[in-house]
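Student: One structure, as structure tokens, below. Some questions next.
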Amino acid sequence: MRHLIIGAGPAGLSAARKIKALKPEDDVKILSRERVRPYSKMALPYILSGETTFNDSLLPLSPGVELLLGEEVVRVDPKERCVETKSGKRFFFDRLLIASGADPISPDVKSSLSFTVRNIEDVERIKDAALKNSDKPVILAGAGLVNMEVADALNRLGISCFFVVRSDRLLSQIIDGEASKVFEDLLLKMGFRIFKGEDIVEIEEGKGGLIARLGSRQVIEGSCVVFGNGR
């Protein structure tokens with residue numbers, strides 16, 4: 001039996017381990033679009049802050065499981081029972097598991113200094129941009145859990161942050177207004193700036209960072225923008 005798994009995160013790795021435990025003779029392949037060994041995505045903020053390292057965040061691969069890196073699936077053919085990757089390769093299967101996880105929302109406003117938080121490359125680029133212009137804040141678009149983790153990591157590096165929030169409060173999908181106010185007061189005391197009821201409508205790159213224009217026509221300068229929304 002040929003088992004093909006798309007995605008090398010915890011779900012894909014756990015499935016591969018269970019299949020091998022039940023059917024050691026079966027062929028199990030995992031396709032990963034990343035070019036590095038599987039690692040814990042939960043560790044990304046701590047890699048950013050330097051509290052842990054990439055090597056310390058690696059996930060184990062079960063013996064007998066074949067891991068194929070840099071193979072992004074672009075097409076599934078259920079009739080032929082195969083998938084095609086971006087590199088043009090085809091992989092056949094008897095059973096297919098799609099365990100690719102979620103994707104960050106790609107905003108309409110983009111630049112070479114705007115990032116999402118999905119993989120180790122994102123974290124490396126954020127850190128590089130933030131430290132290169134450490135006298136300027138990192139602009140965080142969104143105030144959910146992702147950007148809160150990023151803000152904490154950058155704060156540990158001594159980098160200031162501005163929040164640009166569409167809603168009228170922080171963590172609006174998780175806590176109520178009263179709790180949000182307590183949280184907001186704490187962040188303000190720590191030196192964070194918060195722009196509520198705002199959205200970034202334009203990004204203009206310049207020497208030493210960028211300028212972000214908000215819906216209210218306010219203009220703020222920063223080293224980069226991190227979009228922390230998901231789906």
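The values are calculated or read from the model by the stated rules, or taken from the named source; none is laboratory data. Owing to the predicted nature of the structure, the values given are computational and were not obtained by experimental measurement. In this analysis, Cβ positions are derived from the backbone assuming ideal geometry, glycine residues included, and neighbour counts consider all displayed protein chains.
Student: Out of the residues in the stretch 36-50 that are within 17 Å of residue 146 (Cβ to Cβ) and among the hydrophobic types (A, V, I, L, M, F, W, C), state the one that is modelled with the lowest pLDDT.
Tutor: Of everything passing the filter in the stretch 36-50, 42 is modelled with the lowest pLDDT.
Student: Here is a follow-up. Would you confirm whether or not the stretch 188-209 contains a residue that is of a type in the set (Lys, Arg), under 20 Å from the mean Cα position of the chain (by Cα) and loosely packed, with under 12 Cβ neighbours inside 10 Å? Break it down into steps so the answer makes sense when it comes.
Tutor: We begin by selecting, within the stretch 188-209, every residue of a type in the set (Lys, Arg); these are 189, 193, 196, 207.
Of the ones still in play, those that are also under 20 Å from the mean Cα position of the chain (by Cα) are none.
No, because not a single residue in the stretch 188-209 is of a type in the set (Lys, Arg), under 20 Å from the mean Cα position of the chain (by Cα) and loosely packed, with under 12 Cβ neighbours inside 10 Å.
Student: Another question, if that's okay. How about the stretch 131-157: which of its residues are assigned to a loop (DSSP other than H, G, I, E, B) and touching a helix residue (DSSP H, G or I) at 6+ places or on another chain (Cβ under 7 Å)?
Tutor: Filtering the stretch 131-157 for residues assigned to a loop (DSSP other than H, G, I, E, B) gives 133-137, 142-144, 157.
Residue satisfying the conditions is 157 alone.
Student: Residue 188: more than 20 Å from residue 125 (Cα to Cα), out of contact with any Pro (no Cβ under 7 Å at 6 or more places or on another chain) and at pLDDT 95 or above, yes or no? Working first, answer last.
Tutor: On the way: more than 20 Å from residue 125 (Cα to Cα): yes; out of contact with any Pro (no Cβ under 7 Å at 6 or more places or on another chain): yes; at pLDDT 95 or above: yes.
In short, yes.
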